[in-house]
Amino acid sequence: MLQHFSYQSLYENKSLPGWEISFYYRQQKYRGIYEKDGTIQWLDGVPEDEDKVKSFIHELMVFHVYD
């Protein structure tokens, strides 16, 4: 489970896609860039169980951004 998930637009024009994300997973902080096509560029290392973490992130982004 992800904790303290947050996202921020990469652009001042909020209608352009691209977000910086950050969260804690298993007591380790991770940051990344979430692209408009759903790909994630990790900034601080790749979490173990990357596929599981990506699934959590996609669900949160759909709920918060695309809803």
Subject >> Residue satisfying all of: in the range 14-54; surrounded by fewer than 11 Cβ atoms within 10 Å (Cβ to Cβ) and either in contact with an Asp or Glu (Cβ under 9 Å, 6 or more places away or on another chain) or of a type in the set (Gly, Ala, Ser) (or both); nearest to Leu2 (Cα to Cα) among these >> reply: Gln41
**OP:** Quick one: Met1 ticks every box in (1) part of a strand (DSSP E or B); (2) in contact (Cβ under 8 Å) with a residue 24 or more places away in the chain; (3) hydrophobic (A, V, I, L, M, F, W, C) except a single one, so which number is it?
**Re:** (1)
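Any chance you could count how many residues in the range 7-26 are of a type in the set (S, T, N, Q) and at pLDDT 95 or above? Can you show your working first?
Going residue by residue through the range 7-26, those that are of a type in the set (S, T, N, Q) are 8-9, 13, 15, 22.
Subsequent filtering for residues that are at pLDDT 95 or above retains 22.
Residues flagged as of a type in the set (S, T, N, Q) and at pLDDT 95 or above within the range 7-26 amount to 1.
Yes/no per residue for (1) hydroxyl-bearing (Ser, Thr, Tyr); (2) in a strand (DSSP E or B):
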{"position": "Ser6", "(1), (2)": "yes, yes"}
{"position": "Tyr11", "(1), (2)": "yes, no"}
{"position": "Leu16", "(1), (2)": "no, no"}
{"position": "Phe23", "(1), (2)": "no, yes"}
{"position": "Lys29", "(1), (2)": "no, yes"}
{"position": "Asp37", "(1), (2)": "no, no"}
{"position": "Gln41", "(1), (2)": "no, yes"}
{"position": "Lys52", "(1), (2)": "no, no"}
**OP:** Consider only pairs whose beta carbons are under 9 Å apart and that are at least six residues apart or on different chains; among these, list those whose first residue lies in the range 33-55 and is free of Cβ contacts under 8 Å to residues at least 12 places away in the same chain and whose second residue is surrounded by 13 or more Cβ atoms within 10 Å (Cβ to Cβ) and among the charged types (D, E, K, R).
**Re:** Gln41/Glu35
Subject >> Whichever residue in the range 1-13 is in contact with a strand residue (DSSP E or B) (Cβ under 8 Å, 6 or more places away or on another chain) and among the polar types (S, T, N, Q) and, among such residues, is surrounded by the fewest Cβ atoms within 10 Å (Cβ to Cβ) >> reply: Gln8
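The values are calculated or read from the model by the stated rules, or taken from the named source; none is laboratory data. Since we're looking at a predicted model, the values are computed, not measured. Every residue, glycine among them, receives a Cβ derived from its backbone with ideal geometry; neighbour counts consider all protein chains shown.
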